[in-house]
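Notes follow once the structure below has been shown.
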Amino acid sequence: MTMKADILIVDDVPANLELMSSLLAKEGYNIRPALNGKIALTAARNSPPDLVLLDIDMPDLDGYQVCEQLKADEATAGIPIIFVSAMGETIDKIQAFSVGGVDYITKPFQLEEMVARIETHLTIAQQRRELEDQYRELAILREHEKQYFSEMNHMKDQFIATVSHDLKNPINIIMGYVDLLLEGGTITEPDDLEFVRTIGRRAESMFSLVKDLLDLARLEAGMALLSQDVSLTEFLQSCYEDHQLSAWQKEIRLAFSPPQSDVIVKIDPKRMGQVMNNLISNAIKYSPESTEVQIMGQVQNHAVFIQVQDHGRGIPEESLPHLFEKFYRVPDEGETEIEGTGLGLAIVKSILDQQCAQIEVQSELGVGTTFTIILPHSN
Ligand SMILES: Nc1ncnc2c1ncn2[C@@H]1O[C@H](COP(=O)(O)OP(=O)(O)OP(=O)(O)O)[C@@H](O)[C@H]1O
Ligand SMILES: [Mg+2]
């Protein structure tokens, strides 16, 4: 039982009021009697009770009117009201509920039944209050979260701007001077030349790291893609041509098998080009000389498959779930560490997510790796 719940009992017949009050006081409730509607309203407004037992037939203000007024006032609107009808009096149940009553008791009543009903409505009211409190807390939390995210977004924008100006530019300048020194012919000592070339190479990898970080930051900040209708064959052909030189330099045969019949795909060609660039350069980078890397396009039912397949070192199974995480690199067990930042595939995933495309990877150690992009197509 909810001990010490505050119950306002309203009845214009003093004998009834007394009887109900004493019975319920014995049950452990805090009883506040009111002999008419007006007193009841004042009492409820001054100090809202937990529940009201309300007689219907009363002079001046009847029970329905009292109920209506309590419901109209925000301070008392949440109090559960149970109507009590006198002996022989018929209760208009529809009106009782439509003015906001939660229940009714007809006399003669059984004490246990009345207590059970009171308890039920006290519990419901309590639960409703708790829910309202939780809802309010949630709304406050949400507001804080919104503010936090908008501040973070602002910081991210500032970060992007700062990085682009304050980091990319000086690296560019370093690379410019390295070129000048190398072309100027003033450095002739082989060792010195190698030092300058090393500076150049390091500056270049720094530049590409900054570029990758910027790309990711922009993608995560929700940079919009510029999707357009593109011929799948033409798109893959240009990706293939872009990598012929780097494949040739590593003595890798780059092959291209276009889709049997061309389709139009809705993609952002620049961003998808970046995806393909990452996949193809990985395939070349992680394959030994004299192997083949293949770019394939296929159309099946309503999906377009783009595959980049290599016969390189493969990826261990335990690494597969982490492949698209930022900065993840498969631990290198070979003698020579292949350079990279581990951002390439994170960028790939981020772009494909925005493009509503999927990517799958199949790999076997020492046998090779196939990345498959699945794109919806527009015709
Ligand atoms: N075709 C592949 N064959 C074998 N391992 C691969 C292949 N593609 C990716 N990997 C592994 O997945 C890791 C993550 O690739 P990812 O492209 O994200 O980074 P990265 O190539 O190391 O650096 P970068 O940011 O310069 O691309 C690589 O370090 C490599 O270990
Ligand atoms: Mg890579």
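Values in this text are rule-based calculations from the coordinates and carry no lab data. Keep in mind it's a predicted model, so treat the numbers as computed, not measured. No Cβ is skipped: glycine too gets one built from the backbone with ideal geometry, and neighbour counts run over all protein chains shown.
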As a test, work out the antiparallel percent of DSSP beta bridges whose residues both lie in the chain, rounded to the nearest 5.
55
Taking amide hydrogens as modeled 1.01 Å from N in the peptide plane, which residues meet the under 5 Å criterion relative to Phe256, leaving out close sequence neighbours?
Ile295
Under a Gaussian network model of the chain whose springs join Cα atoms within less than 10 Å, the largest fluctuation of Asp191, Asp242, Asp229 belongs to Asp191
Can you give me the C-alpha center-to-center distance between region 260-285 and region 115-148, rounded to a whole angstrom?
52
Extreme residue, positive dipole direction of region 136-264, given options Ala139, Ser208, Met155 (C-beta unit charges):
Ala139
Let's see if you can work this out: charge +1 on each Lys and Arg Cβ, -1 on each Asp and Glu Cβ, no other charges. What is the dipole magnitude of region 88-189 about its Cα centre, in debye to the nearest 20?
360
Note, ³J(HN,Hα) from phi for region 224-237, Karplus 6.51, -1.76, 1.60, rounded to Hz, x at Gly and Pro:
6, 8, 9, 6, 8, 6, 9, 6, 4, 4, 5, 4, 5, 4
Among rounded, prolate and oblate, which fits region 252-379 when a ≥ b ≥ c are the square roots of the eigenvalues of its C-alpha gyration tensor, a/c under 1.5 means rounded, and a/b larger than b/c means prolate?
prolate
Rounded to whole Hz and in sequence order, give me ³J(HN,Hα) for region 143-155 from the Karplus expression 6.51 cos²θ - 1.76 cosθ + 1.60, θ = phi - 60°, writing x for Gly and Pro.
4, 4, 4, 4, 4, 4, 5, 6, 5, 4, 4, 4, 4
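Can you flag which of Lys266/Lys349; Lys168/Lys270; Lys38/Lys93; Lys211/Lys349; Lys211/Lys326 are past 19 Å Cα-Cα? All intermediate terms of the calculation are to be shown ahead of the outcome.
On the way: Lys266/Lys349 17 Å; Lys168/Lys270 21 Å; Lys38/Lys93 23 Å; Lys211/Lys349 16 Å; Lys211/Lys326 14 Å.
Violating the 19 Å limit, Cα to Cα: Lys168/Lys270; Lys38/Lys93.
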Based solely on its DSSP helices, what 222 nm [θ] is calculated for the chain when runs of n ≥ 4 H residues each add -39,500 (n - 2.57) and the sum is averaged over all residues, nearest 500 deg cm²/dmol?
-16000 deg cm²/dmol
Considering only Asn46, Ala116, Pro331, whose Cα is most displaced toward the positive end of the charge dipole of the chain, charges sitting on Cβ of Lys, Arg (+1) and Asp, Glu (-1)?
Asn46
Would you work out the charge dipole size for region 53-104 about its Cα centre, treating the Cβ of every Lys and Arg as +1 and the Cβ of every Asp and Glu as -1, and quote it to the nearest 20 debye?
180
Computed for the chain: size of charge dipole around the Cα centre, +1 on C-beta of each Lys and Arg, -1 on C-beta of each Asp and Glu, debye to nearest 20, value 420
To the nearest µm²/s, what D does Stokes-Einstein give for the chain at 20 °C and 1.002 mPa s, using the Kirkwood radius over alpha carbon pairs as Rh?
76
HN-Hα couplings for region 312-318 via Karplus (6.51, -1.76, 1.60; θ = phi - 60°), in whole Hz with x for Gly/Pro, come out as x, 6, x, 10, x, 4, 5
